[in-house]
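What follows is a short report on a single structure.
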Amino acid sequence: MSKRLKSASVLNKFMADYYYELDEASKTKSKKIAWCTSVGPAELLRALGFLVYFPETHSAMIGASKTAADFIPNANAIGFSPDICSYLTSDIGACLAGVSPLEKAYKTIKSPPAPDILVFNTNQCRDVQDWFCWYGRKYNVPVIGINTYNCVTDVTDSHIPSIALQIKDLIKPLEAVAGVKLDFDFLKQTMLLSMKCSALWEEVLNSAATIPSPLSFFDSVTLMGAAVVGRGTDAANLCYQKLIKELHQKIKNNEGCVPDEKFRIYWDGMPVWGRLRSYSELFENLKACIVASTYCNSWIFKDFDIDKPFESMARVYVSLFITRSEEYKEKYIKDMAKFFKADGIIYHDAKTCPNNSNCRYGMPQRIEKDTGLPFITINGDLNDLRLVSDEQTKTKIEAFVEQLEDRKA
Amino acid sequence: MKKKLFLGIDAGSSRTKAVLTDENKKIAGYAVKKSGVNFSKAANLCLTQALSNAAASVSDIKSAVFTGYGRNNIFIEVPKAVKTEISCHAKGCYAYFPYEITVIDIGGQDNKLIKINKNSKIESFKMNRKCAAGTGAFLEEMALRLDIPVSELNNLAEKSENMVKLGSFCTVFSATEVLENIQKGVKIFDIAKGIFHSVIKRVFEMDSLTKTIVITGGVVAHNPFIIKMATGAAPDKKILTPALPQFTGAFGAALYASNSTA
């Protein structure tokens, strides 16, 4: 994992600074804090002077710390089903227990920062709205958001106006909480930084198209933190510039992240946060590199246009992979597998994340038929490890690599 | 005269199986034992018996391949490698039926469905999801509900004249269905047949199937009635089973062992 990359420490420091700044603001009330879904309108929030907190990254930390199953029952007990998003149930469950993985990761931080307002975008799923509404009731603060489309094949001009209007409608309530008027120049500047971040992050991920790949999915899921929580800031961009420099050097040295890389695999679906290390080791032992993923590429936004801020934000946030139709997703995965020279595809069917499990409507079979790329589906979950069968997953992955080996023989 | 043997051990969740093959890839000895909690102990017991069958000793073994859930937990002093049960079952079945087949292995804890093309390559494979439905564990649970040894299910099902249908995906819910049928006074023969029907339904719906299906595993070895059920459930398919259906994984492992030293 990212310990192999020296610049991972720069990213780690970025994340530490990010959480300390939020914690400080939460304690001193020196700055307003907005909670935002990971692909919500972060640029608008930053332009209004908010510090932006993303509960999904907190949930991923809970998942990575393998403690989600300790907290999920707390959320179940107050009526949230075990079948809904385990990011939601583990985060709310941890809140009910008064526990946060931030405590262990960062000295002096005891809990996530308290929100002054919560802003969602349902481009990911409906669960984020329900998740934020629970916190809105808990903290007695406003919950506002954008309800967007799903199953979109081509994003056309007809999709844009209603979403752009919803984004504009956020301004008034946000200004009321922020206590300032929106500075359009600052918004444009933030969007430019966000575009830059996106381009840099894409460059990082695209380095994995090299054989051997200098980084794997297991690196990227941790390195992506700055692209998720820091887009629209200079600091995030500086981190990625350093990382890119290191990756270029590795490419020049022909240094793969998996020694003696033999197999290249594409990963679709969520990570299994509590199994990052064990899966990373498993693949490395099999000389297989997960070179790319739909998940990590979901934070590449190309359509920002500072001359049309709201319309372009609308386009960016409705163009997200997760909002798209099977037809679009199928082409996208085929293109990605080709670009990254993948030998096969692994689909993670995450029990509590139907929106980001792309193997439930026959897509793997269609892609295999069209491209000849073999695939497997592993059943698991993003956070709830009670839904993961380690032994079966290991057998499936090993058998898949044996299958790839047999094909290459 | 010194023999040249190859060992395959399939350390399954329920039973451990060993197969010894000779230079001509023919089975020279085999054995099965309960896996229990010590795969290595079970494997060594199997090996002793298989060697006795083959009138051979450990020094006759040129190489070995271990497979199954316990594949990394077997300690036998021979040149060895490990391979997954998916590859080993495919190898073992293709040796019996060298053409395009779908292998369905019904094991103690899981099922595997493996599609093999005419050139012996694995096209795709699937394992059952998190539930025990359709596995040996399901049969054990149902036998418990009927208060009979699991070994009696096959003979009871053979006598059925009016099968009941168990519709549930879930083993626990299926057990409730069995209880409901007992309460209704349904004959035990018909419930037993319904239990086997449920197993076949669960495994057949795992994936699309090719024209020829090879069913293997301990569940089939002990309950040949399943083959009849399968034929009835898929009349357009050719249903086959090898001579030693419980040993195809171990046999495939032994074939890999012989390939590695070829």
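At a glance:
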item: Single residue of segment A:363-403 satisfying the filter (assigned to a helix (DSSP H, G or I) and more than 10 Å from chain B (Cβ to nearest Cβ)) that is nearest to the chain's Cα centre (by Cα); result: A:LEU385
item: Close pairs from segment B:202-226: first crowded, with 23+ Cβ neighbours inside 10 Å, partner of a type in the set (Asp, Glu), Cβ under 6 Å, at least 6 apart; result: B:THR216/B:ASP105; B:GLY217/B:ASP105
item: Qualifying residue in segment A:301-314 (condition: of a type in the set (Lys, Arg), free of Cβ contacts under 8 Å to residues at least 24 places away in the same chain, more than 25 Å from A:THR210 (Cβ to Cβ) and out of contact with any Leu (no Cβ under 6 Å at 6 or more places or on another chain)); result: yes
item: Residue in segment B:153-163 that is within 14 Å of another protein chain (Cβ to nearest Cβ), surrounded by 17 or more Cβ atoms within 10 Å (Cβ to Cβ), under 27 Å from B:LEU240 (Cα atoms) and hydroxyl-bearing (Ser, Thr, Tyr) present; result: no
item: Any hit, segment B:1-8, residues being surrounded by 23 or more Cβ atoms within 10 Å (Cβ to Cβ), under 20 Å from the mean Cα position of the chain (by Cα) and assigned to a strand (DSSP E or B); result: yes
item: Positions within segment B:40-85 being touching a residue at least 40 places away in the same chain (Cβ under 8 Å), surrounded by 20 or more Cβ atoms within 10 Å (Cβ to Cβ) and within 14 Å of chain A (Cβ to nearest Cβ), in sequence order; result: B:VAL65, B:PHE66, B:THR67, B:GLY68, B:TYR69, B:GLY70, B:ARG71, B:LYS83, B:GLU85
item: Helices (runs of 4 or more DSSP H) fully within segment B:171-245 counting 3 or more residues that are under 17 Å from the mean Cα position of the chain (by Cα); result: B:188-204, B:218-222, B:225-233
item: Enumeration of residues in segment B:101-151 that are farther than 22 Å from B:THR16 by Cα, part of a helix (DSSP H, G or I) and of a type in the set (D, E, K, R); result: B:ARG145
item: Residue ranges of helices (runs of 4 or more DSSP H) in segment A:131-237 with at least 2 members more than 19 Å from the chain's Cα centre (by Cα) and closer than 30 Å to A:VAL10 by Cβ; result: A:184-206
item: Options B:VAL32, B:VAL37, B:VAL103, B:VAL82; residue that is at pLDDT below 95 and β-branched (Val, Ile, Thr); result: B:VAL37
item: Residue that is farthest from A:PRO364 (Cα to Cα) [pool: residues in segment B:125-141 that are at the interface with another protein chain (Cβ under 9 Å from one of its Cβ atoms) and either of a type in the set (D, E, K, R) or surrounded by fewer than 19 Cβ atoms within 10 Å (Cβ to Cβ) (or both)]; result: B:LYS130
item: Residue identified as within 14 Å of chain A (Cβ to nearest Cβ), among the aliphatic types (A, V, I, L, M) and touching a helix residue (DSSP H, G or I) at 6+ places or on another chain (Cβ under 7 Å) among B:ILE191, B:ILE106, B:ILE122; result: B:ILE122
item: Members of segment B:93-114 found to be of a type outside the set (A, V, I, L, M), over 21 Å from A:THR393 (Cα atoms) and out of contact with any strand residue (DSSP E or B) (no Cβ under 8 Å at 6 or more places or on another chain), listed by number; result: B:PRO98
item: Qualifying residue in segment A:337-346 (condition: in contact (Cβ under 8 Å) with a residue 24 or more places away in the chain, at positive phi, over 17 Å from the mean Cα position of the chain (by Cα) and part of a loop (DSSP other than H, G, I, E, B)); result: yes
item: Which listed residue, of A:ASP335, A:ASP349, A:ASP343, A:ASP384, is acidic (Asp, Glu) and in contact with a Leu (Cβ under 6 Å, 6 or more places away or on another chain); result: A:ASP343
item: Unmet requirement for A:PHE283, which otherwise passes all of (1) surrounded by 21 or more Cβ atoms within 10 Å (Cβ to Cβ); (2) within 21 Å of the chain's Cα centre (by Cα); (3) in a helix (DSSP H, G or I); result: (2)
item: Some residue of segment A:262-278 being polar (S, T, N, Q) and free of Cβ contacts under 8 Å to residues at least 12 places away in the same chain; result: no
item: Residue selected from segment A:6-33 under the condition outside any helix (DSSP H, G or I) and surrounded by 14 or more Cβ atoms within 10 Å (Cβ to Cβ), by the criterion farthest from the chain's Cα centre (by Cα); result: A:LYS31
item: Residue match in segment B:21-36 (condition: in a loop (DSSP other than H, G, I, E, B), surrounded by 19 or more Cβ atoms within 10 Å (Cβ to Cβ) and touching a strand residue (DSSP E or B) at 6+ places or on another chain (Cβ under 9 Å)); result: yes
item: Residue check, A:GLY344 buried (at least 19 other Cβ atoms within 10 Å of the Cβ), within 11 Å of chain B (Cβ to nearest Cβ), among the small types (Gly, Ala, Ser) and closer than 22 Å to A:GLU202 by Cα; result: yes
item: Every pair of residues 6+ apart whose Cβ atoms lie under 6 Å, when the first sits in segment B:101-127 and is of a type in the set (Gly, Ala, Ser) while the second is assigned to a strand (DSSP E or B); result: B:SER124/B:LYS115
item: Residue in segment A:71-89 that is farther than 22 Å from A:PHE301 by Cβ, hydrophobic (A, V, I, L, M, F, W, C) and surrounded by fewer than 19 Cβ atoms within 10 Å (Cβ to Cβ) present; result: yes
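The values are calculated or read from the model by the stated rules, or taken from the named source; none is laboratory data. Predicted model, so just to flag it, every value in this text is computed and none were measured. All Cβ positions, even for glycine, are placed from backbone atoms using ideal geometry, and neighbour counts span all protein chains on display.
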